[in-house]
1. Residue check: is residue 260 in contact with a helix residue (DSSP H, G or I) (Cβ under 6 Å, 6 or more places away or on another chain) and at pLDDT 90 or above?
2. In the stretch 285-320, what residues are within 16 Å of the ligand (Cβ to nearest atom) and in contact with a helix residue (DSSP H, G or I) (Cβ under 8 Å, 6 or more places away or on another chain)?
3. Go through (1) loosely packed, with under 15 Cβ neighbours inside 10 Å; (2) touching a residue at least 24 places away in the same chain (Cβ under 8 Å) one by one and return the number of the condition residue 121 breaks.
4. Got at least one residue in the stretch 198-218 being within 16 Å of the ligand (Cβ to nearest atom), touching a helix residue (DSSP H, G or I) at 6+ places or on another chain (Cβ under 8 Å) and at pLDDT 85 or above?
5. Return the total of residues in the stretch 394-431 being part of a strand (DSSP E or B) and surrounded by 14 or more Cβ atoms within 10 Å (Cβ to Cβ).
6. Would you be able to tell me the number of residues in the stretch 267-284 that are within 10 Å of the ligand (Cβ to nearest atom) and either in contact (Cβ under 8 Å) with a residue 40 or more places away in the chain or out of contact with any helix residue (DSSP H, G or I) (no Cβ under 6 Å at 6 or more places or on another chain) (or both)?
7. In contact (Cβ under 8 Å) with a residue 24 or more places away in the chain and closer than 30 Å to residue 204 by Cα - does that describe any residue in the stretch 306-315?
8. Determine whether residue 346 is over 21 Å from residue 283 (Cβ atoms) and either assigned by TED's automatic domain parsing to the domain that holds residue 227 or over 26 Å from the mean Cα position of the chain (by Cα) (or both).
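The values are calculated or read from the model by the stated rules, or taken from the named source; none is laboratory data. If you're wondering where the values come from, they're calculated on a predicted model, not measured in any experiment. Here Cβ is always computed from backbone atoms with ideal geometry, including for glycine, and neighbour counts include all displayed protein chains.
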Ligand code: GDP
C-alpha cells in the first residue's frame with residue numbers, strides 16, 4: 001500500500017485531518033486491543049485504492065533543545081524519504097509562515113507529489129486567503145476544514161490521483177524469504193541483526209533495497225536464503241549514534257510491507273509494552289507471518305519455569321495475534337540466535353501454504369460431522385464447499401447456505417480445526433463465508 005504522510009507545524013490540525021480522512025466513508029479501521037489508541041497510521045480506501053496514512057505529528061523525533069522548526073523539518077525529511085505522497089498541512093488563519101516556506105523549499109526539491117492542505121477554511125473569505133498558498137510552489141493546493149469535514153473528499157481525490165501506479169512486490173517463487181526486523185529503540189534490533197549475520201554458518205551479501213538508503217542483506221545458510229529488508233543503520237551501528245531518527249513508523253511500515261515474515265523484537269526486561277503492541281500491530285494488520293523475539297534473555301534470572309511463564313505473559317499482551325511464534329534469544333551472548341533462521345523458514349512456509357481442495361473439503365466435512373452447528377430459529381448452517389483462493393496469508397472461502405448463520409464461535413471452531421491439522425504456526429489465516437443458494 002502506498003504511504004501518504006501528513007506533515008506540518010504543531011496545531012495546524014494534522015491529527016484532526018488524519019482522523020477525518022481515515023473515517024471517510026470508505027475507511028477501513030480495524031479495531032485491535034491495545035493498538036488503536038493514539039494510532040499514528042491507518043488504512044483508508046478511496047475510489048478502490050487503499051493507502052496507509054501516517055500522522056507524523058505523533059512521531060517523537062525531538063532531540064533535546066529542538067526548535068519547532070527543526071522538528072518540522074525533521075518530519076518532512078522523514079516523509080520525503082519514506083512516503084509516496086506528502087500532504088503538507090498549513091493554517092489559513094496564520095497565512096504563509098517562515099517555517100512553511102522553509103519546508104516547502106525542501107519539499108520542492110524532491111520528486112514526490114506534495115499536496116498542500118490549507119486547513120481551517122470555513123468560509124468564503126478564507127477561500128480567498130487560501131489562494132496565497134499557491135505561492136509555496138507545490139503541486140496542488142486544496143482548501144479543507146478538518147474540524148467541519150469540508151473539502152476532505154477533494155483532498156482524497158487529489159491524493160489518489162497522485163499515487164504511483166500499483167506495483168505489488170510479490171514474493172517470487174524460490175526467492176529468498178523476506179524478513180523485516182522491527183521494534184522500539186534499544187530493544188536490540190541492531191544487535192540481533194548483527195548476531196544473525198555473525199553466525200558461522202551464514203554467508204552474507206548486501207543488496208540495494210527499493211527505497212532510497214534501504215539496505216537489504218542476503219543471508220544464506222545451506223540451501224536456504226533469507227533477505228533481511230532495510231537493515232540500514234543496523235549493521236555498523238553499535239557505538240555510533242544515528243544523528244537523525246533511530247526508528248520511524250514509516251520506515252517500519254515500509255519494511256513490514258516488503259516482508260513475508262516480521263520479527264517483532266521486544267526487551268525481556270521490559271516485557272511487552274504498549275508501544276510494542278502497536279508495532280506488532282503493523283505486522284498483524286498487514287497479514288504477515290510473525291515471530292516475537294524476546295531479546296536480552298541473558299538479563300533475566302531464570303529457573304525451569306521462567307520461559308513458560310514469560311511466554312504466557314507475552315501471549316496475553318499480544319492476544320490479537322495468537323498465531324505468532326515466540327522465541328527467546330540473547331543477541332549479546334548469541335544464545336538461541338541460531339534457531340531463528342529455521343523458525344523464519346517455517347513461518348514463511350506456513351504463510352505460503354496451500355491446502356489441496358479435496359483435502360480441505362474432507363477436513364471440513366469431518367469437522368462438521370463431529371460438531372454440527374446448532375440450528376438458529378429452525379435453520380441450520382450448511383457448508384457446501386470450501387476452497388483456498390489465497391496464500392500469504394492463507395485465505396479460505398466457505399460456500400454456505402446462508403452466511404448469516406455463521407456464528408463467531410463456529411468460525412473459530414473451523415479455524416482451530418484447520419490449525420490443528422495443518423501447520424499454520426506463525427501465520428494469520430482468514431476465513432470468509434459466502435452464501436451460495
Ligand atoms: P536497537 O535500537 O533496537 O537497534 O538496539 P541496539 O541493538 O542498539 O541495542 C540497544 C542496547 O541493548 C545496546 O546497548 C546493546 O548492547 C544492548 N543489547 C542488545 N541486545 C542485548 C542482549 O541480548 N543482552 C543484553 N544484555 N544487552 C543487549
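1. Values: in contact with a helix residue (DSSP H, G or I) (Cβ under 6 Å, 6 or more places away or on another chain): yes; at pLDDT 90 or above: yes.
For residue 260, the condition - in contact with a helix residue (DSSP H, G or I) (Cβ under 6 Å, 6 or more places away or on another chain) and at pLDDT 90 or above - is met.
2. 291, 292, 293, 294, 295, 300
3. Every condition holds for residue 121 apart from (1).
4. So in the stretch 198-218, the residues within 16 Å of the ligand (Cβ to nearest atom) come out as 198-199, 214-215, 217.
Remaining after also requiring touching a helix residue (DSSP H, G or I) at 6+ places or on another chain (Cβ under 8 Å): 199, 214, 217.
Going one step further and asking which of them are at pLDDT 85 or above, we end up with 199, 217.
Yes - at least one qualifying residue is present in the stretch 198-218.
5. Start the filter on the stretch 394-431 by keeping residues that are part of a strand (DSSP E or B), which leaves 395-400, 430-431.
Filter once more, so that each one left must be surrounded by 14 or more Cβ atoms within 10 Å (Cβ to Cβ): 395-400, 431.
So the count comes out to 7.
6. Taking the stretch 267-284 and keeping what is within 10 Å of the ligand (Cβ to nearest atom), we get 267-269.
Subset that is either in contact (Cβ under 8 Å) with a residue 40 or more places away in the chain or out of contact with any helix residue (DSSP H, G or I) (no Cβ under 6 Å at 6 or more places or on another chain) (or both): 267-268.
Here the count works out to 2.
7. The first filter runs over the stretch 306-315 and keeps only residues in contact (Cβ under 8 Å) with a residue 24 or more places away in the chain, leaving 310, 313-314.
Narrowing further to those that are closer than 30 Å to residue 204 by Cα: none.
The answer is no; no qualifying residue exists.
8. Values: over 21 Å from residue 283 (Cβ atoms): no; either assigned by TED's automatic domain parsing to the domain that holds residue 227 or over 26 Å from the mean Cα position of the chain (by Cα) (or both): yes.
Judged against the criteria, residue 346 is not a match.
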